[in-house]
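**Student:** One structure, pasted below without further comment.
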């Protein structure tokens with residue numbers, strides 16, 4: 001399957017056009033709201049291209065999307081004959097996008113009317129590779145503003161400066177691909193593709209690649225993206241082997257960081273993320289089927305075993321005793337003996 005290192009073919013980008021990539025699979029209950037929010041965008045002189053990637057839906061997703069053809073002149077519906085997952089759907093969108101700017105939007109979320117114009121204005125005025133923004137989480141009837149973990153707003157920043165420190169949340173801990181806007185030409189070299197082998201956690205290695213390769217970005221005081229939480233079909237509610245994709249995602253991240261001397265300094269942060277997510281899944285693994293729980297424990301142990309000992313020892317020393325004991329308990333007794341104190 002394609003990896004994040006493969007680049008889509010070069011193409012002419014249309015200045016002022018914003019390409020919105022909407023991956024969709026069986027989203028008939030929400031896709032109408034999503035596309036209606038795009039039809040309401042106030043873009044001024046800019047134009048909109050909406051790429052709905054129908055990932056082999058078996059419901060009315062494509063038919064409902066088609067009803068917006070008159071209200072969204074830039075709408076294109078691209079269908080995958082077989083289901084390939086969200087990474088492949090986003091990649092199809094990237095391959096077909098013709099805009100100067102690229103935005104991702106999940107098929108059950110929506111934008112405020114001025115959202116895209118605000119992001120594009122900030123990106124152009126600050127002349128950066130990409131911009132990030134806050135978002136509003138919608139859980140039932142409740143709405144809560146979540147701010148991106150960077151206090152410096154509307155200024156040019158170096159993305160590598162916002163990877164560390166390990167003890168606090170940074171922008172690398174905010175892997176929400178839809179909370180921002182990106183220059184298409186920059187993506188074609190910095191983060192051209194999502195890893196299609198990952199069914200979940202695909203956003204994290206993509207953001208690591210972006211942070212390591214892009215030259216500049218900014219965080220805007222914008223919060224016009226509304227993100228639905230707790231839906232029945234959400235992968236966070238499903239307990240199957242898709243939950244284990246974070247193992248391969250972080251194996252790739254650690255290889256990316258530790259394999260390049262220029263990025264070795266970010267190894268502790270990458271490890272800290274892996275440890276935190278591992279402990280999160282171990283903490284909820286009582287809900288997993290026994291075979292999945294066993295695979296989780298074995299997978300974490302395998303990943304920990306290949307991390308350089310000095311880095312692992314330091315990483316384990318930085319966490320609380322309870323989590324340290326949980327993780328060292330997965331290692332072979334000889335390796336765990338000196339790390340459990």
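The values are calculated or read from the model by the stated rules, or taken from the named source; none is laboratory data. This structure is a prediction, so every number in the text was calculated from the model and none was measured. Ideal geometry is used to build each Cβ from the backbone, glycine not excepted, and the neighbour counts take in all protein chains shown.
**Student:** Looking for whichever is out of contact with any strand residue (DSSP E or B) (no Cβ under 9 Å at 6 or more places or on another chain) and closer than 19 Å to residue 253 by Cβ here; the options are 316, 292. Which one fits?
**Tutor:** None of the others qualify; the one that does is 316.
**Student:** Of these, 4, 92, which one is at pLDDT below 95, within 23 Å of residue 130 (Cα to Cα) and buried (at least 19 other Cβ atoms within 10 Å of the Cβ)?
**Tutor:** Selected residue: 4, the only one of 4, 92 that is at pLDDT below 95, within 23 Å of residue 130 (Cα to Cα) and buried (at least 19 other Cβ atoms within 10 Å of the Cβ).
**Student:** Given (1) assigned to a helix (DSSP H, G or I); (2) in contact with a strand residue (DSSP E or B) (Cβ under 8 Å, 6 or more places away or on another chain), identify the lone condition not met by residue 154.
**Tutor:** (1)
**Student:** Is it the case that some residue within the stretch 176-187 is assigned to a loop (DSSP other than H, G, I, E, B), in contact (Cβ under 8 Å) with a residue 12 or more places away in the chain, at negative phi and touching a helix residue (DSSP H, G or I) at 6+ places or on another chain (Cβ under 9 Å)?
**Tutor:** yes
**Student:** Here is a follow-up. Tell me which strands (runs of 3 or more DSSP E) are completely within the stretch 99-146 and hold 3 or more residues being in contact (Cβ under 8 Å) with a residue 60 or more places away in the chain, or say none if there are none. Can you show your working first?
**Tutor:** Working: elements: 99-104, 130-132, 135-139, 142-146.
Those strands (runs of 3 or more DSSP E) span 99-104, 130-132, 135-139.
**Student:** Which residue is surrounded by the fewest Cβ atoms within 10 Å (Cβ to Cβ), if the candidates are limited to the stretch 20-48 and must be in contact with a helix residue (DSSP H, G or I) (Cβ under 9 Å, 6 or more places away or on another chain) and in a strand (DSSP E or B)?
**Tutor:** 48
**Student:** Further question on the same structure: Residues in the stretch 78-98 that are touching a strand residue (DSSP E or B) at 6+ places or on another chain (Cβ under 6 Å) and in a loop (DSSP other than H, G, I, E, B): how many?
**Tutor:** Of the residues in the stretch 78-98, 2 are touching a strand residue (DSSP E or B) at 6+ places or on another chain (Cβ under 6 Å) and in a loop (DSSP other than H, G, I, E, B).
**Student:** Could you tell me whether the stretch 199-217 includes any residue that is in contact with a strand residue (DSSP E or B) (Cβ under 7 Å, 6 or more places away or on another chain), buried (at least 19 other Cβ atoms within 10 Å of the Cβ) and not in a loop (DSSP other than H, G, I, E, B)?
**Tutor:** Looking through the stretch 199-217, at least one residue is in contact with a strand residue (DSSP E or B) (Cβ under 7 Å, 6 or more places away or on another chain), buried (at least 19 other Cβ atoms within 10 Å of the Cβ) and not in a loop (DSSP other than H, G, I, E, B).
**Student:** Right, another one. What's the total number of residues in the stretch 122-140 that are loosely packed, with under 14 Cβ neighbours inside 10 Å and either touching a helix residue (DSSP H, G or I) at 6+ places or on another chain (Cβ under 9 Å) or closer than 16 Å to residue 109 by Cβ (or both)?
**Tutor:** Final tally of qualifying residues: 2.
**Student:** Among the residues of the stretch 60-77, count how many are part of a strand (DSSP E or B) and in contact with a helix residue (DSSP H, G or I) (Cβ under 6 Å, 6 or more places away or on another chain).
**Tutor:** Restricting attention to the stretch 60-77, the residues satisfying the condition of being part of a strand (DSSP E or B) are 75-77.
Now narrow it down to the ones that are in contact with a helix residue (DSSP H, G or I) (Cβ under 6 Å, 6 or more places away or on another chain): 77.
Matching residues across the stretch 60-77 total 1.
**Student:** Also, quick follow-up: Out of 262, 249, 276, I need the residue that is under 27 Å from residue 191 (Cα atoms), assigned to a helix (DSSP H, G or I), without any contact (Cβ under 8 Å) to a residue 24 or more places away in the chain and within 20 Å of the chain's Cα centre (by Cα). Which one? If you could, list the steps in order and put the result at the bottom.
**Tutor:** On the way: 262 fails: within 20 Å of the chain's Cα centre (by Cα); 249 fails: without any contact (Cβ under 8 Å) to a residue 24 or more places away in the chain.
The match here is 276.
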